[in-house]
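So the structure is just underneath, and the comments pick up after that.
The values are calculated or read from the model by the stated rules, or taken from the named source; none is laboratory data. All of these numbers come straight from a predicted model, not from anything done at the bench. Reconstructed Cβ throughout: ideal geometry from the backbone, glycine too, with neighbour counts over all protein chains shown.
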Amino acid sequence: MIGVIDYRAGNAPSVGYALAHLGLEHRLVRDAPGVRTADQLVLPGVGAAGATLDSLYEADLVDVLTERVLGDRVPFLGICIGLQVLFERSDEGDVECLGWVPGVVRRFPSSLRVPQIGWNTVRPTRAHPVTDGLVDPAHCYFVNSYYCEPAEPDDVLAVTEYSTAFCSVVARQNIVATQFHAEKSGPFGLDLLGRFARWEPRC
Amino acid sequence: MLTKRLIACFDVVRGRVTKAQQFQDNIDVAAAEELATRLYDDQIDEIVFYDITASAERRKIDLETVRRVARHVFVPFTVGGGIRSVDDMFDVLKAGAEKISVDSMAVRDPSIIQQGAAAFGRQCIVLSTQVQAVGRRPGLPSGYEVFIDGARKATGLDALDWVRRGEDLGAGEVVVNSIDRDGTASGYDLEITAAVADAVNLPVIASGGAGTVDHVVAGLTAGGAQAAIISSILYSPRFDRNVGVEELKVGLTAAGVAVRPYGAAPSRAGGAASTSERPSD
C-alpha cells in the first residue's frame, strides 16, 4: 500500500487520483500510524518549503517519516516541494530542511520569468528502474522558483534546462524525487508513478 | 527547454461546459468531465475551468464537478469562479485542482492574492483579467481598462497597473483576456498581451479570440505570451470545423514555437505501467 502524505498545503488528492487511475492501492495518510503502515511513501507538494516543513512538523510527521525512510528504507518518492525539503537547506526563506540528501536548494536568477511554469525536457543521466520509461528527452510539467543542487553528483538522476541546467530528478538509495509534477505530467508521469510502485530498491 | 503551453478553457454551468460569445449567448457543449477527458486524451497541455455563475449566484464553486474532472485529467488543472476566501481556495485544491484563478474578487479585495500566495505559494494563484481597449486617458495610460463581473462592470483600473500590482501581491501567472476578442475568432489582442508580458516577470497567458492556428502562433510570438488559452477552436459548435491539439502543435512547431511534442509516449520496454496493471502485492 502506498501512503500519500496529506498535509494542509499539499496536493495529495491529485496524486491519489493518478494512483487510482493506475489501479494502485494507496491511502492518503495524515498521521504517524498511517505512515507506519504504508509500504511505500509519496510526499507530494506545492507551495513553499517553509510552509511544507511547518505542516509536517505540526502534524508530527517528521520523526516517523525519517524513521521509515532512513531507518526502514521504505521506497520513497518526493514530488516538487517534496523533493526540495529533502535537502539540507533552502534559500526559500533560508530554512533548514530534512537533510536526507546532501545539498542545498537555490532560487532561479531574477533575470528569468519565475516561477518556471510549463512542460520542460527531462534528460535522464543514468539508468534507474523508476525513470527508465522516460525517453531522452521527455517533457514533464514543472512549477518551480527554486531548484536543488545535490552535493554528490551520483544523486543526480536527470537534468533539465531553464537558462542553466539543474537537477530535475534525484535518486539516493531508497529515495527518488522529481522536481516536476509526476502526477500532472501526462503519460510519462503516470508511467513513472507505476514504476515507483513496482520498485524494489537494493540498499 | 521550457515549451509554450496550450490551455483548454471551459466555462462551466451546473457541471456542463457552455460556450459564450463576448460573454453572452451561451450554448451547451458537453458535460465538463467528458470534454476534459476528451481533451486530455488529445494531449492538451493544461485545462482551466471557470464556474461562471458561482459568483453571480453568490454560491460556492461546484466542487463535485472539480472532483469529477480531476479524476480523469493528469495535466495541470486550474479552477476559477466563486472564490472568495483562502478556505474556498483550500476546498478547490483538495478537490484536485493545482491552481486557483482569481478575477473579479481580486479587484474587489486584492488581499485575496496575497493571502492565497502566502497559504499555497505564488504558483497556485493565477490572476485572470478581463481587459478592453477604451483609449488612453488620464489614469489609463495603457488605454486598456480592467472590467469585472463577466465584462459588465468597468473598474477604472489601468490594465498594466493592475497586473503589476497583482505580481507585487503574489500572483504566479497572469491571464490577459480581451473582452473585444472573446469568442470572435479574430485573433488575440496582441498589443495588450505583449504590453503585459513586458510589464511583469511572470508567465503570461493570452486569452480571447483564437480562431486559427496562426492566431495561436501570433499570441505566443508577437504577443510574447508563455501560454495560449483556446476554447472555441477546440470544441465550439459554432465553428464549421474544430481543430485538434495535434494540428495546433504541428502548426506551432512549423512556425518555430517550441511545444510539448504531440504523440510522444513512454517507451513500453521494461514493463511500463498500464492502466490495467495491479500492484503485485
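What the table below lists for this structure:
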| read-out | value |
| --- | --- |
| Among residues of region A:82-97, those that are without any contact (Cβ under 8 Å) to a residue 60 or more places away in the chain and within 22 Å of A:HIS26 (Cβ to Cβ), counted | 1 |
| Members of region A:14-71 that are touching a Ser or Thr at 6+ places or on another chain (Cβ under 9 Å), within 11 Å of A:VAL4 (Cα to Cα) and not β-branched (Val, Ile, Thr) | A:ARG27, A:LEU43, A:PRO44, A:GLY45 |
| Long-range neighbours under 9 Å by Cβ, at least six apart or interchain, first residue on the phi > 0 side of the Ramachandran plot within region B:52-79, second of a type outside the set (Ser, Thr, Tyr) and in a loop (DSSP other than H, G, I, E, B) | B:ARG58/B:GLY82 |
| Single condition A:ARG172 does not satisfy, out of (1) more than 10 Å from chain B (Cβ to nearest Cβ); (2) buried (at least 22 other Cβ atoms within 10 Å of the Cβ); (3) farther than 20 Å from A:ALA48 by Cα | (2) |
| Residues located in region B:1-44, provided they are assigned to a strand (DSSP E or B) and free of Cβ contacts under 8 Å to residues at least 40 places away in the same chain | B:ARG16, B:THR18, B:GLN24, B:ASP25, B:ASN26, B:ASP28, B:ALA31 |
| Search result, residues across region A:121-130 that are surrounded by fewer than 24 Cβ atoms within 10 Å (Cβ to Cβ) and either under 16 Å from the mean Cα position of the chain (by Cα) or not β-branched (Val, Ile, Thr) (or both) | A:ARG123, A:PRO124, A:ARG126, A:ALA127, A:HIS128, A:PRO129 |
| Counted residues, region A:157-203 - those being modelled with pLDDT of 95 or more and assigned to a strand (DSSP E or B) | 18 |
| Qualifying residue in region B:104-115 (condition: closer than 20 Å to B:ARG5 by Cα, within 14 Å of another protein chain (Cβ to nearest Cβ) and at pLDDT 95 or above) | no |
| Qualifying residues in region B:142-165 (those that are of a type in the set (Gly, Ala, Ser) and within 21 Å of the chain's Cα centre (by Cα)) - the one modelled with the highest pLDDT | B:ALA159 |
| When residues of region B:115-154 are limited to those that are aromatic (Phe, Trp, Tyr) and touching a helix residue (DSSP H, G or I) at 6+ places or on another chain (Cβ under 8 Å), the one surrounded by the most Cβ atoms within 10 Å (Cβ to Cβ) | B:TYR144 |
| Filter result (out of contact with any strand residue (DSSP E or B) (no Cβ under 7 Å at 6 or more places or on another chain) and closer than 26 Å to A:VAL143 by Cβ) within region A:21-40 | A:HIS21, A:LEU22, A:ARG30 |
| Count of region B:118-133 residues which are under 18 Å from the mean Cα position of the chain (by Cα) and within 10 Å of chain A (Cβ to nearest Cβ) | 4 |
| Every residue from region A:37-84 that is among the charged types (D, E, K, R) and in contact with an Asp or Glu (Cβ under 8 Å, 6 or more places away or on another chain) | A:ASP39, A:ASP60 |
| Qualifying residues in region A:121-130 (those that are within 20 Å of B:LEU2 (Cβ to Cβ) and out of contact with any Phe, Trp or Tyr (no Cβ under 8 Å at 6 or more places or on another chain)) - the one nearest to the other protein chains (Cβ to nearest Cβ) | A:THR121 |
| Residues being touching a helix residue (DSSP H, G or I) at 6+ places or on another chain (Cβ under 6 Å) and farther than 16 Å from A:ALA177 by Cβ - total across region A:93-111 | 2 |
